[in-house]
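Below is one structure, written out as structure tokens; comments come after it.
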Amino acid sequence: MRQFIHSVSRPFICIAIVVIFLSSCSSRKFSKNNKQIEKAANKANNNSYKSYNTLSYIDEFKAVAIEEMNAYGIPASITLAQGILESGSGNSDLAKYANNHFGIKCTSDWKGKNYFRDDDQKNDCFRVYKDARESFKDHSEFLKRKRYSFLFQLDKNDYKSWAQGLKTAGYATNPKYPDLLISTIEKYQLYQYDQSESEKQKIAREDRVFTEINQNIPQEKKKFTPVETPPVGAKPILADGTYTVVKGDTLYNIAKRFNLTVDELKMLNSMATDAIKLGQILKVK
């Protein structure tokens, strides 16, 4: 009996070793990529990064925030407050090495370089920008979609309604996010950079922005949905429309990867719970 148990468990041990090996290889790949990005950033900055405090960060980026406000109507105070909160006033690794001040992730149409760090998942993919200005402009593009469209009807100096509206639209999961934005704006008097506009100017801006939002709608999934970083050892969908569960999978990320809802995936597989197990074969179409 002891010999039988030993022989049965050996394949499982082998599988575990393979999974650990693949995981190690994958981690090395992401680490190597990040080191290349960091090396290039160090070279571009002569190994001497500009260290910001919040006041110097505001002074550095207020001009581009105002420029984006005048183009699209996003209050400069909101953009600056988000940059302060999300980049640690420009001192996070993502801001220093990737020039990414708003935590914008890679999407399927992203053609630039990538920087990996743990976020919603391990080794999430983030965009690398050539400079911080490009990051601020991409932040405006990120907001120009259907779910945020109602915000562009607000006055461009109405930072309080924008702060509440971002939470309503699902920009952040933290219920105190509007309070954090507003307190940052008022602490540093960021509202001084917001500008009013005439009714005629507002109508012209809204017409332009809503035209762009409507043009984006058919492409929103491609333009704005972060790419999935497949778990180590993930196998492609088979010809018969099935997928084999690997370590790191959850029902949620499998459903997302194959453009299904969790309920649709459960229905396809006659599942009563969200529980899945290693090696399980799931129908995904």
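The values are calculated or read from the model by the stated rules, or taken from the named source; none is laboratory data. Keep in mind that what you see is a predicted model, and the values were worked out from it rather than measured. Neighbour counts run over all protein chains shown; Cβ positions are idealised from the backbone, glycine included. Side chains included, ligands, DNA and RNA excluded: accessible areas come from the protein's heavy atoms. Shrake-Rupley method; radii C 1.70, N 1.55, O 1.52, S 1.80 Å.
Under 23 Å of direct C-alpha separation, and excluding same-chain neighbours fewer than eight residues apart, K200 reaches these lysines: K144, K156, K160. Could you tell me which of the pairs K137/K223; K62/K202; K35/K122; K167/K285; K29/K277; K62/K137 are separated by over 24 angstrom between their Cα atoms in the structure shown? Beyond 24 Å: K167/K285; K29/K277.
Rolling a 1.4 Å probe over the protein heavy atoms of segment 25-217, with every protein chain left in place, gives an accessible area that is 46 percent carbon and sulfur. Sequence-distant contacts, meaning Cα pairs under 8 Å at least 6 residues apart, place the relative contact order of the chain at 17 percent. By definition, a body whose alpha carbon gyration tensor gives a ≥ b ≥ c is prolate when a/c is 1.5 or more and a/b is larger than b/c, and segment 87-206 fits this prolate description. The sum of -39500 (n - 2.57) across all DSSP H runs of n ≥ 4, divided by the residue count of the chain, sets its helix-only mean residue ellipticity at 222 nm to -17000 deg cm²/dmol. Between 0 and 90 degrees, the angle of helix 132-143 with respect to the longest Cα principal axis of the chain falls at about 80 degrees.
Listed options for semi-axes √(5λ) of the Cα gyration tensor in Å are (i) 40, 29, 17; (ii) 28, 20, 19; (iii) 42, 25, 16. The value calculated from this structure is the one marked (iii). Projecting the Cα positions of P75, L94, G112 onto the charge dipole of segment 49-145 (unit charges on Cβ atoms of Lys, Arg, Asp and Glu, taken about the Cα centre) puts G112 furthest along the positive direction.
Amide H contacts under 5 Å for Q280: V245, restricted to partners 5 or more places along the chain or on a different chain, H placed in the peptide plane at 1.01 Å from N. Residues in the chain average 57 Å² of solvent-accessible surface per residue, probe 1.4 Å, ligands and nucleic acids excluded. Mind checking segment 146-179 for chymotrypsin sites (Phe, Trp or Tyr not before Pro) that DSSP puts in a loop (not H, G, I, E or B) and that have at most 16 other Cβ atoms within 10 Å? Sites meeting the loop and neighbour criteria: none at all. Dividing the mean sequence gap of close Cα pairs (under 8 Å, 6+ apart) by how many residues segment 242-283 holds gives a relative contact order of 61 percent. Computed about its Cα centre, the charge dipole of the chain is approximately 1360 debye, with only Lys, Arg, Asp and Glu carrying charge at their Cβ.
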